[in-house]
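Contents: one structure, followed by commentary.
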Amino acid sequence: MLMRRNTSPVDYRMCRQTVTVYHRDGEEYTRTVHNRAFLDFRKNHTVDKTGSKESNSFLLIIPGDTQTVFVEDKVLLGEGPEITCREEWAALNPTTTPGLVVVKYVDPKYWGTQMVHVEAGG
């Protein structure tokens, strides 16, 4: 019997969403569309002595062996427009653009020594 070796224990069948990642490096703006991603929006509730509070967060997973998202990148659910200047970058914000989030942390994940996906959130 021929046994096929499993190269990763992670199942990426849920990574079927399209996201657009916007990255700024100085005055250079890049837009990358990922057709194989998972973006989950979450509502968090906390209770303390002053009452109940609600906040929003997200988890983004992009399979692959290259880090394609960085802290302070903007991520839009779906395929978004090109961004070419500072004014367009500033106009792209979560309060006016539904489905847009700003990355606050990035966590590459490895299987052995090989990167298998990147997780990002905020």
Checklist entry - Extension gain Arg13-Glu82, at 0.36 nm per residue separation less the Cα-Cα distance, in nm? => result 22.0 nm
Checklist entry - Under the definition of Cα pairs under 8 Å and six or more residues apart, what whole-number percent is the relative contact order of the chain? => result 26
Checklist entry - Residue by residue through segment 19-25, which ³J(HN,Hα) values in whole Hz follow from phi under the Karplus form 6.51 cos²θ - 1.76 cosθ + 1.60 (θ = phi - 60°), with glycine and proline marked x? => result 10, 10, 9, 9, 10, 10, 10
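Which GluC sites (Glu not before Pro) in segment 47-122 pass both tests, a DSSP loop state and at most 13 other beta-carbon atoms within 10 Å?
Answer in residue order: Glu72, Glu79, Glu82.
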Checklist entry - How much accessible surface does Thr84 have with a 1.4 Å probe, in Å² rounded to 10? => result 100
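How charged is the neighbourhood of Val118? Take every other residue with its Cβ under 10 Å from the Cβ of Val118, and add Lys/Arg as +1 and Asp/Glu as -1. It would help to have the intermediate numbers written out before the result.
Details: positive: Lys109; negative: Asp65, Asp107, Glu119.
So the environment of Val118 carries a net charge of -2.
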Item to check | Label-point separation, Thr97 to Glu27 (7 Å along Cα→Cβ), nm | outcome: 2.1
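In square nanometres and to one decimal, what's the mean projected area of the convex hull around the Cα atoms of segment 38-96? If you can, show how the numbers build up before the last one.
Details: hull surface 25.1 nm².
With every direction weighted equally, the projected area is 6.3 nm².
Give the carbon-plus-sulfur fraction of the accessible surface of the chain in %, rounded to a whole number; probe 1.4 Å, heavy atoms of protein chains only. It would help to have the intermediate numbers written out before the result.
Working: 4360 of 8350 Å².
Here carbon and sulfur together make up 52 percent of the probe-accessible area.
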Checklist entry - When only the heavy atoms of the protein chains count and the probe is 1.4 Å, how do Thr97, Thr66, Thr113 rank by accessible area, highest first? => result Thr113, Thr66, Thr97
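Given charges of +1 on the Cβ of Lys and Arg and -1 on the Cβ of Asp and Glu, with all other atoms neutral, how large is the dipole of segment 9-122 about its Cα centre, in debye to the nearest 20? Working shown, then result.
On the way: 13 positive and 16 negative charges, 99 e Å.
It works out to roughly 480 debye.
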Checklist entry - According to the Kirkwood expression over distinct Cα-Cα pairs, how big is the hydrodynamic radius of the chain, in Å? => result 16.0
Checklist outcome for this item: From highest to lowest solvent-accessible area (probe 1.4 Å; ligands, DNA and RNA excluded), Tyr105, Tyr12 read Tyr105, Tyr12
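The values are calculated or read from the model by the stated rules, or taken from the named source; none is laboratory data. Computed from a prediction, not measured in an experiment: that's the story for all the values here. Glycine gets a Cβ as well: all are built from the backbone with ideal geometry, and neighbour counts include every protein chain shown. Side chains included, ligands, DNA and RNA excluded: accessible areas come from the protein's heavy atoms. Shrake-Rupley method; radii C 1.70, N 1.55, O 1.52, S 1.80 Å.
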